[in-house]
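Every number in this text was worked out from the coordinates using simple rules, so none of it is lab data. Here the structure is a predicted model, which is why all the values come from computation and not from measurement. With ideal geometry, Cβ positions are generated from the backbone for all residues, glycine too; neighbour counts draw on all protein chains shown.
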Amino acid sequence: MTTRRGFIQAGGAVLAGLAMPPWWVPQPTAAKVVQIAMRSDPLGSKVWFDPVGVFVAPATTIRWVVRENVHTTTAYHPKNGRHSLRIPEGAEPWDSGFLVNPGDHFEVTLTVPGVYDFFCLPHEAAGMVGRIIVGEATGPGSEPFDYFVGRPNAEDWLPVPAAARRGFPSIARVMKEHIVPHTP
């Protein structure tokens, strides 16, 4: 026999289940700090971020750490050398400046949901780029690379170079895998 208390508890469990996102909706990595290595081959002819893509919850701290060579982590944003906007509107752009020695690091805590595309200033043309998705795949970083062409106040924005465009993992892959390692 089902008691009133048992019925209420069962109903609470059903309601709690309704509050949870469906199993097929990708959920971001819940780590509070995610580390991205800044890498290079011994000759400096190949450069990359590893992982190249991450899907995280809001308020996650991203820490970039130099392993080899000299690098920056720089958000795609007009405040950073007139680069096109590829982070959420309202999010603070970052630029680490040059990180010179192995172990040097830079970190930001990302709170605004959306796609954040970033690059290494001296190695952007070599395709050293990465993508962070915070909570959901929205904002300018989720748009085509040329979305801003013809828009007012964007006339002097620099487009993402072709080699850099090829370096980004797809949004679908980042959402599915959560952490996308660099693959040579």
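By the rule of a C-alpha distance below 13 Å, with chain neighbours fewer than 8 residues away ignored, the aspartates and glutamates paired with Lys176 are Glu136.
Between Glu92 and Arg67, full extension at 0.36 nm per residue minus the direct alpha carbon distance yields a gain of 6.4 nm. By other beta-carbon atoms within 10 Å, ranking Ile36, Ile133 with the fewest at the front produces Ile36, Ile133.
Can you compute the FRET efficiency between Thr111 and Glu155 using 1/(1 + (r/R0)^6), with r the Cβ-Cβ distance and R0 = 30 Å? Round to the nearest 0.05. Provide the component values of the computation, followed by the final result.
Working: r = 30 Å, r/R0 = 1.01.
Given R0 = 30 Å and the Cβ-Cβ separation, E is 0.50.
Residues whose amide H comes within less than 5 Å of that of Arg63, counting only those at least five positions distant or on another chain, are Val34, Gln35, Ile36 (H built at 1.01 Å from N in the peptide plane). Under the combined filter of DSSP loop state and at most 15 neighbouring Cβ atoms within 10 Å, the stretch 64-163 retains these GluC sites (Glu not before Pro): Glu68, Glu89, Glu155.
Shape analysis of the stretch 24-180 based on the Cα gyration tensor places the equivalent ellipsoid semi-axes at 22, 20, 14 Å, largest first. The three principal axes of the Cα atoms in the stretch 84-134 give end-to-end lengths of 31, 23, 15 Å, sorted in falling order. For the stretch 81-184, applying the loop criterion from DSSP together with a ceiling of 13 other beta carbons within 10 Å to the chymotrypsin sites (Phe, Trp or Tyr not before Pro) yields Phe98.
Restricting to bridges with both residues inside the stretch 24-180, how much of the DSSP beta-bridge set is antiparallel, in percent to the nearest 5? Working shown, then result.
Numbers: 22 of 34 bridges.
Bridges in the stretch 24-180 are about 65 percent antiparallel.
Of interest is the spacing of the C-alpha centroids, which for the stretch 62-101 and the stretch 161-184 amounts to 17 Å.
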